[in-house]
Each structure stands twice: as structure tokens, then as C-alpha cells.
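Reading through the C-alpha cells given below for one structure.
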């Protein structure tokens with residue numbers, strides 16, 4: 001695993017009950033609303049945390065689709081599992097976004113809300129997202145937490161380092 005924070009102790013509950021409703025729930029509804037999924041879609045959520053976005057994605061997921069909610073922190077996922085109603089289409093997994101343990105082109109969509117800022121190798125994580133995504137399918141990102149100043153690195157610099165056409169970002173918000 002990379003050195004991404006895992007947020008243990010009382011952080012998951014405080015995040016879910018305090019910051020979640022105030023800051024993150026409206027963004028979760030927005031990012032999920034941007035996702036159009038085919039029947040049988042397989043969706044990967046990265047940095048799922050406490051399941052705030054997970055609930056919204058499940059509401060949009062086709063009956064025959066699947067959602068894999070991942071996070072580097074087991075305590076955050078445990079909070080998510082306790083706050084999202086059980087659903088046969090949903091699985092939870094501890095996974096490092098900088099070294100995704102999946103085969104090439106396994107997913108129909110990838111969603112990551114406010115997780116990218118925590119990845120120690122942001123460009124590497126984006127490359128892994130592209131690798132596990134089926135060609136031409138969407139990566140939906142919301143970057144930079146609304147309560148944390150935006151990164152000073154310009155998007156153009158990141159695109160230059162990653163190469164053109166590395167991945168398609170269907171939704172991108174800079175705050």
C-alpha cells in the first residue's frame with residue numbers, strides 16, 4: 001500500500017455524521033447524477049470512504065449492475081458498510097488507488113469524489129484508473145475538497161505529464 005492516509009479512530013464517524021451532510025452529500029448527488037450506465041455495468045468507486053457517494057451510485061445502478069466501493073482505509077470502509085444498506089450489487093474492498101489490484105479494462109465507469117488529493121502518486125493513480133477502465137468509458141472525478149484550498153498545480157501541467165488521451169474525465173470540478 002502507498003502512504004495514503006487511512007483515517008482511523010473517531011475520524012470515520014465524525015466525517016460521516018459531521019462533514020458528510022454539510023459538505024459532501026450535495027457533491028455526491030451531483031457526481032452520481034452525471035453517470036449514465038449501461039445494463040450490467042460494473043462500477044469502481046475509489047476513495048469510497050464512509051459510503052456517502054456509494055449510496056447515490058447504488059440509486060443509479062442498473063438492477064443487473066455491480067458496484068465495488070474501495071478505499072485505502074479499512075476504518076472508513078467499516079463506517080460505510082455500517083451506514084449503507086446491504087445490497088447484493090455492492091461489494092466493499094480495501095484497495096490502494098496507486099496500485100489498483102484489478103485486470104485491464106474491467107470496469108464500465110470509475111467514480112472518485114475528493115479522494116485524488118490524498119493519493120501520494122496522483123498521476124500514477126490516474127494511470128491505474130485508465131488501465132482498469134474499459135476504453136471510451138467515463139472517469140468521474142471531483143477534485144479538491146471544498147473545505148481545503150485547491151492545489152496549486154495547474155491542470156495543464158498534469159495533462160502534460162500524463163500525456164494526451166490518457167483518460168477521459170466526464171465530470172471535473174475545481175473549487
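Quick note: the coordinates plus some simple rules give every number you see, no bench work behind them. These numbers were taken from a predicted model, which means no experiment stands behind them. Ideal geometry is used to build each Cβ from the backbone, glycine not excepted, and the neighbour counts take in all protein chains shown.
Modelling each spin label as a point 7 Å along the Cα-to-Cβ direction, I'd like the residue 123/residue 59 distance in nm, to one decimal.
Output for this residue pair reads 3.8 nm.
For the ranges 50-60, 111-121, 74-84, 26-36, what's the packing order if you count other beta-carbon atoms within 10 Å of each residue, average per peptide, and put the highest first?
50-60, 111-121, 74-84, 26-36
How high is the relative contact order of the range 44-83, in percent, with contacts defined as C-alpha pairs under 8 Å that are six or more residues apart?
Computed over the range 44-83, the figure is 58 percent.
Please give the contour-minus-distance gain from residue 106 to residue 34: 0.36 nm per residue of separation, less the Cα-Cα distance, rounded to one decimal in nm.
Residue separation times 0.36 nm, minus the Cα-Cα distance, leaves 23.9 nm.
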